Structures are given as C-alpha cells and as structure tokens.
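Enquirer: I'd like to ask some things about the structure below.
The values are calculated or read from the model by the stated rules, or taken from the named source; none is laboratory data. Predicted model only: the values in this text are computed from it and were never measured. Methodologically, a virtual Cβ is constructed for each residue, glycine included, from the backbone with ideal geometry; neighbour enumeration extends over all protein chains shown. Calculation scope for accessible area: heavy atoms of the full protein, side chains included, ligands and nucleic acids excluded. Shrake-Rupley method; radii C 1.70, N 1.55, O 1.52, S 1.80 Å.
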Amino acid sequence: MDSQIKHIHQQLVTQQITCTELVQERLNLLKENTHNTVNSLLDDSALELAEKVDTKIKNGETIGLLEGIPFGVKDVYMLQGTYTTASSDLLKNYKSAYTATAIQKLLDAGAIPLVKENCDSFGHGSSSENTIFGAVKNAVNPELVAGGSSGGSAVNVAKDYTVFSIGGDTGGSIRQPAGYNHIYGLKPTYGRISRYGIMAYASSTDCVGPLAKSVEDIRIILNTMSGKDIKDQTSIISKEIDEKAILNNTVKTIGYFKNFIDNDAIDAEVKADFLANIEKIKATGIKVKKLDFFKSDILVSTYYTLAMAETASNLSRLDGTNYGNRIESENLIESYAVTRSENFSEETKRRIVGGNQVLSQGFSDEIYLKGLALRDQISENFSKDFKEVDVILSPVTPSAPPKIGESLKDPHAMYLSDVYTVGFSLGQLPTLTIPQGTVTGLQITAAKNNEELILKFANFLKETI
C-alpha cells in the first residue's frame, strides 16, 4: 500500500480537503467506533491545531510532510495536559505534566494527536483485555482479541481511524497486535527512540515504535522520532533512512529458527504458510539457512522473569502518595497496601508478585541472575547468526488470535503467544511485523541499527509473497 501520509499531505497542499475536515472526519470515526479503542479523545486541541494548518495553507506557506496528519497515542505516553491512565484504575484521573520526547518530536513536525488509545494496563498483557475501559475488539473480526498490549493503536490504524499510531513494545506489544490486525508494526533497535515519557514496564526492553499501513509510512515516522535524547541515557545516535535506500533489496541470505517451526505448539496452517513462503523466497535466488536457537520455554521464562522483576521495581513508585488514586486506611502501611490492591488489575498484581519473588533473598541468585545470564547467551547467539545471514524471518505468533475472554481464563497460554517475539526483545534487535505470509503476518529481524535493511526486505516481500 502506498504512503497514506504522502497522499493526505498532497490532498492538503492542493486543498482537496482542509485539515479541519480531515481531523473532524477521523474524530467522528473514533467517536462512533465499536471496537473500544478510545480511552480519551483530544478533540478540542486537535481541531485547534488543524485550524492553524489550514491558515498556513491559505496564506501560501509551505507545510511539512507530517503537518496536519492525524495520529493516535497509546495511553502509556505522557502528553502534557491529557489524561494518561495506562488503562488502570490507579491512574484514571492522572494528567500528564509533560510530553514524552518521541511524541514531542511528532508535534514539532506538525502531526496532530487525536486520541489516547486503549491498551493492556501498564502494558501487562497480550490481548488488550486487561484494561478498565473494556477489551479492544479485533479490526478484522470483533469477536477476537486485538492483541496486546498496543491493541487500540493497531485497530485504530487498521480501521483508518488514525493515519498512524505510536505503540510501545516490551516483548511483542507492537508486533503482535500489528499481526492480529494485518498492518505494519516496528519495534526498533533498543535506544533508537527515546523512552523518556513512556510509563516504564521493563526498562531494559521497552521500545517506542510506529504502527502504520505501509513501509514508507513506517520509515517517515521512524526518522522523525529517532535520535539521541539527553533525558534518556540509553538513547543512541542513529542514521536517517533515505526513501530511495529502501527500494532496492540487498538481502542475499535469510535464516529461520528450526525450533520455531518444528514443534507441536505452532498451528498447522501457520507452519504450512510459513514454509510455503520460504520456498517463494528461495525461488528468487535468496539463500535460506536453518538456524538453531533456544527452546521456546526458555525464551518465555527468561523474558517474563526479567520483565516481572523490572515491572515490580518500576511500579513500586505508584502507592497513591505521589501518583494515583489514594485509598485511606488506618495507617500509612495499610493505605499503601489497600491503594495498590484495589487499583491494580489482577494481571498487574500477578506480575508484581512474581517480580518481587524472583528478586527476593534466596531466589534472586537461582532465578533472576540466571535470567540475566541467559539473556547474555541469547544476545551472543544472535551475534553468531548475523555473521551467517542478513535477516531472520519468523512467524509473529504460533496461532491465530483467540476469542475475547479465552486469554483471561489461561494467563499461561497468553504468555506463550509471545513465544516468537520475546527473544528479539531480549536481544534488543529491530523487528518489523508485515501483514503478509501467515494469518498473523511475518517478522523480519536484523542486527542492531539495521532498520534500513528490514524495510528494504519488507518492500521486497510485498511483491514476492
């Protein structure tokens, strides 16, 4: 699909549509939508910004490529003056005092935020059902989950309620819902986009990333948000990706993990489709190598051990004193306990308890430190693989999206739906979901800072599979 951003930009410049009309049209769609994607609408501020864009155009002034383009923001990002709830009871009345760096860069480019989007509370989930605003419904089939935790962001893009959205990916939370809703979703190299202003889940794997309907739109948004930020010491300097650079594929060898495909967990249809597309790629002259990787249960347990430990630490600040809805009790300790017990969801409490357990005396050496060592081994494995192949191709999920309600009955099954995404998060690698190849798409992964190579191959696969 061609760039929606460029198409709308052309419409605005040639005055085929005013920015106010464009924004009002998308706001109406968001208000009327039945997929439960909206936590709060930013209608007044959005229309005010749209009017300024229209005035510039009428005065003959040049507008930037992103100027006037409506977008959505997952409700874990600070956007000054807006409610930032993380889809939780604890923060349902919290207003942001500042704006996240990534979102500010989009504002500086003239893009217009329309909506804070429904998501799993604090990013805890793989279905966007763990939210006080009710489950997000899949864009393709509303009886199915939208995926998580950036489900509202993915559905808004898929249904054209927003031109693009900004999600957050810790263990697959952009890539999985992108796959479930048949759009593109990128988890960039860790640190390429500043994390300042996103509510932390697992600080060592949290990534800011875009969801959109075309490779070109992913490139445009990525370039806009990338860069070193003095407010985030883990952020890195990165090279801008040129439009022409991603038009010609330079990938010569791809790899895939044998144990991702040769196991009982993957659906027969997903396996058959994946292998059929491997043959199509081979037919173009590209070499394919089967790679060895860690077993699925090791990947999932390593990821959740570290993620739960980090979220237990990160959420310890939310006690109703400085942030959140405080519930008074007989004394300070009980007030803390009641506030957290009543305001955190069951899934969030499950992850906090698990995190405190693996960090506790007597368990940290046996579990947490072992998880850190395994993460290092996973990174070493990737370093070895990328000496042999240019990119790694994999399914996004082992099966089609479940029906709404099923994941809540079986949290373990929900964790296992992340089996193909968490390894790349632990390796801090750039990974893109594309809406082709299987019922939930395919993932393209490259070595760190190789987003350009991924986008090249994504364009190539558009015409190949």
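Enquirer: Using only alpha carbon positions, build the gyration tensor of region 395-434, then give the equivalent ellipsoid semi-axes as the square roots of 5 times its eigenvalues, largest first, whole angstrom.
Expert: Three semi-axes, in Å: 22, 12, 7.
Enquirer: Which of the peptides 14-21, 149-156 is most tightly packed, and how do the rest follow, going by the mean number of other Cβ atoms within 10 Å of each residue?
Expert: Taking the mean over residues of other Cβ atoms within 10 Å, the ranking is 149-156, 14-21.
Enquirer: Given a Förster radius of 30 Å and the C-beta distance between D108 and S316 as r, what FRET efficiency does 1/(1 + (r/R0)^6) yield to the nearest 0.05?
Expert: Given R0 = 30 Å and the Cβ-Cβ separation, E is 0.35.
Enquirer: Taking the mean number of other Cβ atoms within 10 Å as a proxy for protection, how do you rank 354-361, 396-403 from highest to lowest?
Expert: Result, highest mean first: 396-403, 354-361.
Enquirer: How charged is the neighbourhood of G324? Take every other residue with its Cβ under 14 Å from the Cβ of G324, and add Lys/Arg as +1 and Asp/Glu as -1.
Expert: Around G324, the charge tally is +1.
Enquirer: Multiplying the sequence separation of E334 and H7 by 0.36 nm and subtracting their Cα-Cα distance, what value in nm do you get?
Expert: Extra length available between E334 and H7 comes to 112.1 nm.
Enquirer: Give me the extension gain from D376 to K462: residue separation times 0.36 nm, minus the current Cα-Cα distance, reported in nm with one decimal.
Expert: 27.6 nm
Enquirer: If the only charges are +1 at each Lys and Arg Cβ and -1 at each Asp and Glu Cβ, what is the size of the charge dipole of the chain around the Cα centre, to the nearest 20 debye?
Expert: 960
Enquirer: On to the next question. Taking 7 Å along the Cα-to-C-beta vector as the label spot, tell me the S203-F363 distance in nanometres, rounded to one decimal.
Expert: Output for this residue pair reads 2.1 nm.
Enquirer: Relative contact order of the chain, please, whole-number percent, based on alpha carbon pairs below 8 angstrom and at least 6 residues apart.
Expert: Over the chain, the number comes to 17 percent.
Enquirer: Distance from the Cα centre of region 189-243 to that of region 9-78, in angstrom?
Expert: Cα centres, region 189-243 to region 9-78: 22 Å.
Enquirer: Among L90, Q443, Y161, pick out the residue whose Cα is farthest towards the positive end of the charge dipole of the chain, where Lys and Arg carry +1 and Asp and Glu carry -1 on C-beta, about the Cα centre.
Expert: Q443
Enquirer: A further question on this structure: For region 382-465, with all protein chains present and a 1.4 Å probe, just round the carbon and sulfur fraction of the accessible area to a whole percent.
Expert: The nonpolar share, carbon plus sulfur, comes to 50 percent.
Enquirer: Percent antiparallel among DSSP beta bridges with both residues in the chain, to the nearest 5?
Expert: So the antiparallel bridges in the chain amount to around 65 percent.
Enquirer: Based on the Kirkwood radius over alpha-carbon pairs, what value in µm²/s does the Stokes-Einstein equation return for the translational diffusion coefficient of region 305-437 at 20 °C and 1.002 mPa s?
Expert: For the chosen part, D equals 120 µm²/s.
Enquirer: Still on this model: May I ask for the net charge around L41, where only other residues with Cβ less than 11 Å from the Cβ of L41 are counted and Lys, Arg are +1 while Asp, Glu are -1?
Expert: Every neighbour counted, the sum reads 0.
Enquirer: Can you give the calculated 222 nm mean residue ellipticity of the chain, where each DSSP H run of n ≥ 4 adds -39,500 (n - 2.57) and the sum is split over every residue, rounded to the nearest 500 deg cm²/dmol?
Expert: The helix contribution divided over the chain gives -12000 deg cm²/dmol.
Enquirer: With a 1.4 Å probe and every protein chain left in place, work out the accessible area per residue of the chain in Å², rounded to a whole number.
Expert: About 39 Å² of surface per residue is accessible.
Enquirer: E25 versus D43, label points 7 Å from Cα toward the beta carbon: distance in nm?
Expert: It works out to 1.8 nm between the two label points.
Enquirer: Ok, one more. Label 7 Å along Cα→Cβ of K287; region 425-441 residues with amide nitrogen under 15 Å?
Expert: Counting backbone N atoms under 15 Å from the label point, the list is empty.
Enquirer: Please work out the Cα center distance from region 308-363 to region 376-444, rounded to the nearest Å.
Expert: Measuring centre to centre over Cα atoms gives 29 Å.
Enquirer: Moving to a separate point now. Relative contact order, percent, of region 78-207 when contacts are C-alpha pairs under 8 Å separated by at least 6 residues?
Expert: Value for region 78-207: 21 percent.
Enquirer: Taking R0 as 25 Å, what FRET efficiency do you get between Q15 and E240 from their Cβ-Cβ distance, rounded to the nearest 0.05?
Expert: The calculated FRET efficiency here is 0.25.
Enquirer: Could I ask something else about it? V270: net charge of surrounding residues, Cβ under 14 Å, Lys/Arg +1, Asp/Glu -1, itself excluded?
Expert: -4
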